[in-house]
1. For the range B:267-287, name all the residues that are over 14 Å from B:PHE225 (Cα atoms) and touching a helix residue (DSSP H, G or I) at 6+ places or on another chain (Cβ under 6 Å).
2. Within the range B:153-164, how many residues turn out to be touching a residue at least 60 places away in the same chain (Cβ under 8 Å) and either more than 12 Å from every other protein chain (Cβ to nearest Cβ) or in a strand (DSSP E or B) (or both)?
3. Based on what the data block shows, is B:ARG186 surrounded by 20 or more Cβ atoms within 10 Å (Cβ to Cβ) and basic (Lys, Arg)?
4. Residues that are crowded, with 22+ Cβ neighbours inside 10 Å and among the aliphatic types (A, V, I, L, M): find the strands (runs of 3 or more DSSP E) completely inside the range B:52-152 holding 1 or more of those.
5. I'm checking my understanding of the structure. Among residues of the range A:165-177 that are aliphatic (A, V, I, L, M) and under 26 Å from the mean Cα position of the chain (by Cα), which one is nearest to the other protein chains (Cβ to nearest Cβ)?
6. Going through B:GLU353, B:GLU312 one at a time, which residue ends up being open to solvent by 10 Å² or more (accessible area, probe 1.4 Å) and without any contact (Cβ under 8 Å) to a residue 12 or more places away in the chain?
7. For the range A:178-191, which positions are within 26 Å of the chain's Cα centre (by Cα) and either of a type in the set (A, V, I, L, M, F, W, C) or facing another protein chain (nearest Cβ under 10 Å) (or both)?
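The values are calculated or read from the model by the stated rules, or taken from the named source; none is laboratory data. Predicted model only: the values in this text are computed from it and were never measured. Note that each Cβ is placed from the backbone with ideal geometry, even for glycine, and that neighbours are counted across all protein chains shown. These accessible areas exclude ligands, DNA and RNA; they are computed on the full protein's heavy atoms, side chains included. Shrake-Rupley method; radii C 1.70, N 1.55, O 1.52, S 1.80 Å.
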2 protein chains.
Amino acid sequence: MHDINIYKLTAMKKQILMLLITAMMTGGNFTILAQSDVIEDFKPSSANQPGREYPQVNSEGRVRAKILAPDAKYVQLDIGAVKYDLIKDEEGSWTGESAPQDEGFHYYQLNIDGASVPDPNTLYFYGAGRWGSGIEVPAGDQEFYALKNVPHGQVREQIYFSESNSALRRCFVYTPPGYDQDQEKRYPVLYLQHGGGEDETGWSNQGKANLIMDNLIAEGRAVPFIIVMDNGTWRMPERDRQAPRDTTQNEERPRTWPPQGWADGFMKTLLEDIIPMTDNNYRTLADPQHRAMAGLSMGGMQTRIITLAHPEMFSYAGIFSGGSISPADVENAPGFKENIKLVFISYGSRELENRRMGFGGDPEANTEALREAGLNTRFYVSPETAHEWQSWRRGLYEFAQLIFKE
Amino acid sequence: MHDINIYKLTAMKKQILMLLITAMMTGGNFTILAQSDVIEDFKPSSANQPGREYPQVNSEGRVRAKILAPDAKYVQLDIGAVKYDLIKDEEGSWTGESAPQDEGFHYYQLNIDGASVPDPNTLYFYGAGRWGSGIEVPAGDQEFYALKNVPHGQVREQIYFSESNSALRRCFVYTPPGYDQDQEKRYPVLYLQHGGGEDETGWSNQGKANLIMDNLIAEGRAVPFIIVMDNGTWRMPERDRQAPRDTTQNEERPRTWPPQGWADGFMKTLLEDIIPMTDNNYRTLADPQHRAMAGLSMGGMQTRIITLAHPEMFSYAGIFSGGSISPADVENAPGFKENIKLVFISYGSRELENRRMGFGGDPEANTEALREAGLNTRFYVSPETAHEWQSWRRGLYEFAQLIFKE
């Protein structure tokens, strides 16, 4: 028999002991996370603000958050729809870890005594209908979206007046490396849309679309093209005239889901305003042969609806975690088979397994049937990811290598 | 004598009563704010996230914050270096107001049981060494930086490799309306710097430099020019190689202030990297006659030091709340008097009064002495503002109308 000497316990065992003591003291209000397997190789997340040591991520993909809150009753790390209790130290700082997360980017927040707030240590990203914290879990394939010393394009904030909305709008436009040097060259255009609860900042901030393109172009794996990233969450003018909603109650989504007008309203804006604005302000190849549309989730659904309704406008359709296109869809869309040179469908492997987003039939079977019906298709599955940005970064990476090469 | 009937009290009086009861219950831990004068005409701040009802601002410039935090012991609104206690309602939401703030933009945060966190309802801005909440107090002259249906320039995120830092850097470049249309036209350039604890995002986010320029150009009051906004917080390479600091303790400023290398290090980066990169990538008029430098606070001090050290490179110097230039400075800077066509010095009236930033002598007296010594000068005082963004927006607005007109 050995006596237990607290001074000889490892750091890991101390942590477990502290958890048990805390659980006893708080009368069982805690959800205890078994931490005995936590690997102590945490490093600061690349999505942290400059100089911030926390949050950190370890080689398992666990997220460790830390925040000073000396007078709080409880603090939780809220990530992937699970709340993990943090533990308070003598100085009043709270620390704790999540279960392993998938590789790539994740939105999260802290819960301090019932208040859902951003972690003050991270950069902020728009998703789930709010600007909030994000974390990067290092990925095995992260080189494809890493910032490298290669020629870089620009991401331009473009303000323009939309006649169809009678409003000033904003989009972001990626122009490839060399765009300003050769003033004679004209470029194809990809219209690339975000998901529900996100906005026009998503693809260049958390999506890293510009770095993905810079790296692909530097390696000669993609043709240089322009990318236009606009806001697909179209709002009815009536709604905009109403007073803003009180969202202090942590309501994160619009009352109706998907938001009203998300496809038809945005289609009108895209065709009447965004495409003409782009062709007027950028050196585009302004014809259907040099125009693609793609999007993630809601943006993928918009791509499906808009390319089926107006196949005379596009040559390539990319749908990332947003459904698929069936032979029946194409039969009801005159011109689609003749004009669309590629239908690209992708999903994260984890979301494909549970078929959560597979409305309108199995996406892989649909895509195979479409191929058998004579269309050029590509079905891509992002390994070990779900309905999340790493799936969509990979979707863009694959799609970008296939378009505008004719 | 009248009985007190609580049901007949006005909302305002109920609020006062609630404050007194709260003060009694909490044993005087609260700083009571006399609220009897609060005018009930609060409206959502224009810096809120889309659809968010709070924070609000009233016609006095008071800020009203609201957040759900049902289990918190206390919540405070932390703005202008003062913490204002919020009051909890039956649903667990906390609400309260600050004293009147100056017109314009202010950084702030919430304090929830000792945790300093961003308000989840606002957009985020980089200042005080962090990304945090901001609020807009409507200003009498806000039309000059309002988003209007005029021709708009672009703000471009520019990534480039800096030889002098052996690192990839990022700046933002404003190109004026029409830049992409007339491919023959070349433009003057203003190098415009942020203050300490801020970064390259400040001038276009909270400074609204692009909207100020769009409006001035539309009215024919400024010559169209390019603006380059880079990061002036130069870090020593040694320091960058160290592990990031733990800033979970709410330490907001670098350990040394001003940061090491803030003038000399940035001067090298500006002269060896930023200016050549700009002249190589944009259609600039790449001569000293068409080059200006300006900055706020630390950026103003950098402007002072760099234009005095290298007057052969610039023709205009703008120093907003960052000191002044004396005849003695000019005597020690060969070429300055001959080359610099305008020395523009500005301050907020409230900071000028207490001379807090007036090191190196009284800035107005210095500027007058400089004028008497034969230089073209302009001294501008922003009415009723302090060391804050409304002073600097106005500084840019005035300065931009005076440069590149010869």
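1. Answer for the range B:267-287, where residues must be over 14 Å from B:PHE225 (Cα atoms) and touching a helix residue (DSSP H, G or I) at 6+ places or on another chain (Cβ under 6 Å): just B:MET267.
2. Number satisfying all stated conditions: 4.
3. Considered against the rule, which asks whether it is surrounded by 20 or more Cβ atoms within 10 Å (Cβ to Cβ) and basic (Lys, Arg), B:ARG186 comes out as no.
4. Those strands (runs of 3 or more DSSP E) span B:63-68, B:75-79, B:104-112, B:115-117, B:130-137.
5. A:LEU168
6. Answer to the check: B:GLU353.
7. A:VAL189, A:LEU190
To keep it simple, each residue is scored yes or no on (1) touching a strand residue (DSSP E or B) at 6+ places or on another chain (Cβ under 7 Å); (2) on the phi > 0 side of the Ramachandran plot.
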| residue | (1), (2) |
| --- | --- |
| B:PRO288 | no, no |
| B:ALA294 | yes, no |
| B:THR303 | yes, no |
| B:PRO311 | no, no |
| B:SER326 | no, no |
| B:GLU331 | no, no |
| B:LYS337 | no, no |
| B:GLY374 | no, yes |
| B:SER391 | yes, no |
